[in-house]
Amino acid sequence: MNRFEVAYGKETLSFLLPSSVNAMEIEAKASQPILDIEQAILQAVAHPLGTAPLIEVVKPGDKVVIVVSDHTRLWVRTDVLLPVLLDVLNMAGIPDKDISLVTATGDHRLLTLEEHTAICGAKVLERVPIFDHECQSQDLVDLGLSTQGTPIKINRRVWEADKIILTGGIAYHLLAGFGGGRKSIAPGVCGYEMIQKNHALALKEAGPSGLNPNIQTGKMEGNPVAEDMLEIARLVGVDFILNVVVNEKKEFVYIAAGELHQAHLAGCRVTEEIFGIEIKEKADLVIVSSGGYPKDIQLYQSIKALDNATYAVKEGGIIILVSECSDGIGSQPFQDYFKYGEVEDMSARLHADFTMPGFVSLRTASICRKTPVILISSLPEDVVKLVKMVPAHSPAEALQLATQMLGHQPKSIYVMPHGGNTFPILS
């Protein structure tokens, strides 16, 4: 027997698989962490992609706004980036009094002082002021419509700045292809209607799943949501970005600095190199974990891992999702959406009133219709069944159910211990 262990909350679960089964792990490739982060940032902003060095992009007298990620993306480690970035701006003749920070909250709530401190660090907050973006503010600047018909309203402080610098992190994203880059503007500092209309483009020219076939993890070209975001960010006029790629240990492995699109694409390529794992063929069974605590405290957070697993499973195959869900579902609107019925009913509701939890619900239901999903969790069985999954209480039970549903013992199995980060690519 072969033993594979995956994280489940703060513990691990062991899957015992017959030696006769072709079983392989899908894990991120080894990456070299950046040891001298300060020097690497200085090097990146002095030799950026697609634009002049940052010290030449800004000029004395400029009012500079730096857009930072909110508390949901602490893995970006903005508190490490900002001190170096501020010092570079000072050297370029921009004093701290001409610099301000704006959080890319999108449609998230306002943040607390403790959260601001966690994002930026106490010393940075002593130097420059920080302002939370408010997507429902009456003070937003109206820039008309995008090519896709999205109403563009932008944070006034950002719009009126002489120079706009974006910070953020680049990772795979199930709606926009990749996070980072232009997302700090759209949806980060845009109005609520823009956010909803942009995300609703996921339904444009929908296929059988109720979603546009170009809405895929790792895909930006032809992806209407991603292309709309980039158009809006370009219209706003971003002057420089400083984005990072981090590994599983939250270590910086790449710093993308420079022009909005070119620097972001470079970071996306590095993300693909590390986390895009080529597979020669798909498997009968995929066992996927979000990576344990805190990534699997809610089912809602674990759907990214489930989505990634779909790229590794055969037509007619099975997925076993391992997610403790110690905090339950994690999103009441996500759970409520399943009450609308089947994929077609959920899609119709989403067309009428788009919400991100609704989109994630529709994506989940679409996956479960095509590929049965067995869930090992602490959730009540009725809740698991409501979200269209099959409950199991142990690896042995899950494997037995998978064999019954396939009608035979699986001949090939992939194990994804960090499914939220690793993305299978069929070579």
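The values are calculated or read from the model by the stated rules, or taken from the named source; none is laboratory data. Treat the numbers as computed from the prediction; the structure is a model and nothing was measured. Methodologically, a virtual Cβ is constructed for each residue, glycine included, from the backbone with ideal geometry; neighbour enumeration extends over all protein chains shown. Just so you know, the surface numbers come from the protein's heavy atoms only, side chains and all, with ligands and any DNA or RNA stripped out. Shrake-Rupley method; radii C 1.70, N 1.55, O 1.52, S 1.80 Å.
When the accessible area of the chain is computed with all protein chains present and a 1.4 Å probe, what percentage of it is carbon and sulfur? About 51 percent, which is the carbon plus sulfur part of the accessible surface.
The local environment of residue 192, defined by Cβ-Cβ distances under 12 Å, has a net charge of -1 under the rule Lys, Arg +1 and Asp, Glu -1.
Separation of the range 168-227 from the range 336-399 is 21 Å, based on Cα centroids.
Near residue 257: Cβ cut-off under 14 Å, other residues only, Lys/Arg at +1 and Asp/Glu at -1. The net charge is -4.
In the distance distribution for the range 319-374, Cα-Cα pairs more than 17 Å apart total 39 percent.
In the elastic network of the chain, a GNM with C-alpha springs shorter than 10 Å, the most mobile of 381, 11, 251 is 11. Shown for the range 123-163 is the translational diffusion coefficient from the Stokes-Einstein equation, using the Kirkwood radius over Cα pairs, a temperature of 4 °C and a viscosity of 1.567 mPa s: 107 µm²/s. Springs join every pair of Cα atoms under 10 Å in this Gaussian network model of the chain, and among 149, 179, 169 the largest mean-square fluctuation is at 149. Per residue, the average separation of C-alpha pairs within less than 8 Å and at least 6 apart gives the range 265-421 a relative contact order of 33 percent. The residues neighbouring residue 73, those whose beta-carbon lies less than 14 Å from its own, together hold a net charge of +2 under the Lys/Arg +1, Asp/Glu -1 convention. In the complete set of protein chains, residue-level accessible area for residue 261 is approximately 50 Å², probe 1.4 angstrom. With the convex hull drawn over the C-alpha atoms of the range 341-427, the volume per residue is 148 Å³. Taking the chain, how much of its Cα-Cα pair set, in percent, is spaced more than 29 angstrom apart? Of all Cα-Cα distances in the chain, 47 percent exceed 29 Å. For residue 104, the residues whose amide H sits under 5 Å from its own are 68, 69, 70, ignoring neighbours fewer than 5 places away on the same chain, with H placed 1.01 Å from N. From Cα pairs below 8 angstrom and at least 6 apart in sequence, can you work out the relative contact order of the chain, rounded to a whole percent? RCO, the chain: 20 percent. Each Cα pair under 8 Å and six or more residues apart adds its separation to the average, and for the range 71-162 the resulting relative contact order is 28 percent.
Using the Karplus relation 6.51 cos²θ - 1.76 cosθ + 1.60 with θ = phi - 60°, the per-residue 3J(HN,Hα) values for the range 399-416 come to 5, 5, 4, 4, 5, 5, 6, 6, x, 6, 5, x, 8, 9, 9, 10, 10, 10 Hz, with x marking Gly and Pro. Derived scalar couplings between HN and Hα for the range 22-35 equal 7, 10, 9, 8, 10, 10, 4, 5, 4, 10, 8, x, 6, 7 Hz in order, rounded to whole Hz, by the Karplus curve 6.51 cos²θ - 1.76 cosθ + 1.60 (θ = phi - 60°), x for Gly and Pro. Our analysis of the range 250-352 gives Rg over Rh at 1.05, with the two radii drawn from alpha carbon positions and Rh computed by the Kirkwood formula.
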